[in-house]
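A quick write-up on the structure given underneath.
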Amino acid sequence: MINPMQNEITVPEGWFLLINGEIPFYCDCGCTVADFAAARKLIGYNKKNGIYFRFVYESTGIEECAPQPGIYVLTIRKYNYTHNSGHFGRCVYAEVKQTQCPKEFKNIMTDMLKMSEEQTTFEAIKRPKPQGKCTPQLQQCINDFCTHVKKDRTDQIMALVTSSMYEDGEEDILYLRELYYDDYENPFQRNNFIKSEIHKKVVSEIYNYFETLDKTRKLENGRDLFPFLFSSPKYDINTIVPKNVSLCEVLMSMSHLQDEKIM
């Protein structure tokens, strides 16, 4: 039996991390991930050198009641912010690596982190096919959409948390109800913590929704994304998402630069 601790990886200081849709946090003393298969989703961004990575663990299914080995998929990109490109930076390097071997994945991650420290390793690499450009209209629409959804979902969740009748339901709602009805010495501190937990849940829901939309846009080559109309009749939002523009990446880019507004 494989001990997942054998394949633990420590992300050094200097990275912003987003694990499973939670609020991004800064690694001021490093962060150790013991089991990437258990983590399932991890996004990292190093503002100092413009390195971005996205990890997902994709299950290959279940056979005879036993989960089969999944696939470790790592997307690596480097952005050059010396070029004016709508404050997202120009992608000068992109690569996707995948494996089913935990040990091999650990080596891939370790090499990537080492390359990010050296930086020069990414230079003089063939520029990938140009990525789609996010328009100001799309950025504004996503910002408006997130603002509306955050308000509505926060009100809905808070109503469930404070309701006198809610015995069976989502575990995270029950958890928040326990906090709400617990005997806190400082109600103000309790309410702030509950709001923070609701914020995490809503951001995770928005990211998962955008991720679902991105997956439906993949072309047969499994890489390119076709353009489509992003709309929300409820919030009167309509805008074209250009080819090869990922809604998830736009959201994450906005969170890095304007984290107080969205994340």
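The values are calculated or read from the model by the stated rules, or taken from the named source; none is laboratory data. This one's a predicted model, so the numbers in the text were calculated from it and none came from an experiment. Quick reminder, even Gly has a Cβ in these numbers, built from the backbone with ideal geometry, and neighbours come from all protein chains shown. Just so you know, the surface numbers come from the protein's heavy atoms only, side chains and all, with ligands and any DNA or RNA stripped out. Shrake-Rupley method; radii C 1.70, N 1.55, O 1.52, S 1.80 Å.
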Completion exercise
Scanning the range 179-222 for residues that are surrounded by fewer than 10 Cβ atoms within 10 Å (Cβ to Cβ) and of a type in the set (A, V, I, L, M, F, W, C) gives Phe188
Exercise for the section: Taking the residues in the range 161-178 that are open to solvent by less than 80 Å² (accessible area, probe 1.4 Å), under 16 Å from Phe193 (Cα atoms) and modelled with pLDDT of 80 or more as candidates, determine which candidate is farthest from the chain's Cα centre (by Cα). Expected result: Thr162
Completion exercise
All-but-one check, Tyr79 against (1) within 19 Å of the chain's Cα centre (by Cα); (2) at pLDDT 80 or above; (3) of a type outside the set (A, V, I, L, M); (4) under 18 Å from Leu17 (Cβ atoms), failing number (2)
Problem - Residue in the range 15-44 that is surrounded by the fewest Cβ atoms within 10 Å (Cβ to Cβ), counting only those that are within 18 Å of Val56 (Cβ to Cβ), charged (D, E, K, R) and at pLDDT below 80 - result: Arg40
Handout entry: Qualifying residues in the range 141-159 (those that are loosely packed, with under 15 Cβ neighbours inside 10 Å and over 19 Å from Tyr207 (Cβ atoms)) - the one modelled with the highest pLDDT
Key = Asp155
Exercise for the section: Output the residue which, of all residues in the range 223-233 that are at pLDDT below 85 and open to solvent by less than 40 Å² (accessible area, probe 1.4 Å), is farthest from Ile206 (Cα to Cα). Expected result: Asp224
Problem - In the range 120-140, the residues that are at pLDDT 65 or above, polar (S, T, N, Q) and not in a helix (DSSP H, G or I) - result: Thr135
Exercise for the section: Determine whether the range 56-71 contains at least one residue that is at pLDDT below 70, charged (D, E, K, R), in a loop (DSSP other than H, G, I, E, B) and surrounded by fewer than 15 Cβ atoms within 10 Å (Cβ to Cβ). Expected result: yes
Practice task
Search the range 234-252 for residues being under 18 Å from the mean Cα position of the chain (by Cα) and in a loop (DSSP other than H, G, I, E, B), and hand back the single one that is surrounded by the fewest Cβ atoms within 10 Å (Cβ to Cβ).
Solution key: Asn244
